[in-house]
Structures are given as C-alpha cells and as structure tokens.
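Contents: one structure, followed by commentary.
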Amino acid sequence: MQGLAAAGQGLGAGQRESAVKNVVLVSMDTLRADRLGVFGNSRGTSPTVDAIASRSMVFDEARAQAPQTA
C-alpha cells in the first residue's frame, strides 16, 4: 500500500513531470501464486504475467477486508 500511496502523490515543488510514474494495479482472484514464474514456478505457465512482473514493482503479500470470494 505504501508503494501505491507514494505513486499516487502529485508533483511536488521542483519536480519535473518525467518523475511521475504510471500505476496499473493487477489483482487476480483465486490464483495460486506458486503457479506463476514470478513467484518461483519453473514450468513456464505464465509467460505474459512474468514479462510484466519483470518490469514492475511486485508485492508478494496482500491483505483483504473480507476473506471470502463471491
């Protein structure tokens, strides 16, 4: 959350526009992290997700308000 909160802040005094980063939040429901290459799976089952993750900030822990999925 701190990374997202920091990314969402506007330009400060003296900052150039090039310092602003784009933020895309990818959230996957009911997906086992151990099936993704970015989290150690060597079977090559997720090449697109792995390619995006290699150029991104990856959070390996998340908290939800409600534990159920519907």
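The values are calculated or read from the model by the stated rules, or taken from the named source; none is laboratory data. Note that the coordinates shown come from a computational prediction; the quantities given were computed from them, not determined experimentally. In this analysis, Cβ positions are derived from the backbone assuming ideal geometry, glycine residues included, and neighbour counts consider all displayed protein chains. Remember, those area values only see protein heavy atoms, side chains included, never the ligands or the DNA or RNA. Shrake-Rupley method; radii C 1.70, N 1.55, O 1.52, S 1.80 Å.
Observations
- Put a plus charge on the Cβ of each Lys and Arg, a minus charge on the Cβ of each Asp and Glu, and nothing anywhere else: the dipole of the range 24-67 about its Cα centre is then about 80 debye.
- Of the accessible area of the range 18-70, computed with a 1.4 Å probe over protein heavy atoms only, carbon and sulfur atoms account for 52 percent.
- Using R0 = 30 Å, the C-beta based FRET efficiency linking Ala62 and Ser42 works out to 0.80.
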